[in-house]
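Visitor: There's a structure below that I have some questions on.
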Amino acid sequence: AFSFAKNLPAKPGQASPPLRWSLCVVPVRGYQPKAPPAAPIVVCNDIPEVERISWFPDSRNLVVSYEGDEDANGKESEAHAPDLVDTETKQRQLLPLPVLHDPLMPKSQPLQPLEVAVSPSGKKLLFEAALWSGSIDDDTSQCLYESNLDGSGLKRLTPPHVVPLVPY
């Protein structure tokens, strides 16, 4: 799967709208050395900028995570909630997750899953989310979480305090 941007024309006297994207898949036809590549199939149009695409093992469904949009003044908005996309029916819906709270800080602000990835088994999600208590005196930490597809079994995988991570 891949995405590409298209610039929508600005209306007279208005700033250009943010880029809108299309999500496409390329069918795999097995090894055919002299055959031309298959043409991409547009699955959905007019979506925000794609940050991550993660396939389910069924090779039919995928989770799409988005970047934040920029408004006419260049200010970035929050990232959009991830979508679940069925590439055969071309249906796109919000990833059906309940409101999630860090299991060790249940009174924290709700987590907003970002950069969602599907496990190789297709039974778990791995995602990044900002952990914040809600108090202006507390720092915000970016943490990695794992959950079942329905959001149950939520587990934080990284510590909540700011810890420098060394590249691997």
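The values are calculated or read from the model by the stated rules, or taken from the named source; none is laboratory data. All figures in this text were calculated on a predicted structure; none of them were measured in a lab. Glycine gets a Cβ as well: all are built from the backbone with ideal geometry, and neighbour counts include every protein chain shown. SASA here: full protein model, heavy atoms, side chains in, ligands and nucleic acids out. Shrake-Rupley method; radii C 1.70, N 1.55, O 1.52, S 1.80 Å.
Visitor: I want to make sure I understand the PRE zone here: with the label point 7 angstrom from the Cα of Ser133 toward its beta carbon, which residues in segment 85-117 have backbone N atoms less than 13 Å away?
Guide: 105-109
Visitor: Using the heavy atoms of the protein chains and a 1.4 angstrom probe, tell me the accessible area per residue for segment 36-160 in square angstrom. It would help to have the intermediate numbers written out before the result.
Guide: On the way: 7100 Å² over 125 residues.
About 57 Å² of surface per residue is accessible.
Visitor: Sorted by mean Cβ packing within 10 Å, highest first, what order do the peptides 103-109, 80-86 take? Intermediate values should be presented prior to the final figure.
Guide: Working: 103-109: 12.6, 80-86: 19.1.
Ranked from most to least packed, the peptides come out as 80-86, 103-109.
Visitor: May I ask for the net charge around Ser147, where only other residues with Cβ less than 11 Å from the Cβ of Ser147 are counted and Lys, Arg are +1 while Asp, Glu are -1? All intermediate terms of the calculation are to be shown ahead of the outcome.
Guide: Working: positive: Lys123, Lys124, Lys155, Arg156; negative: Glu146, Asp150.
Spelling it out: positives minus negatives among the neighbours equals +2.
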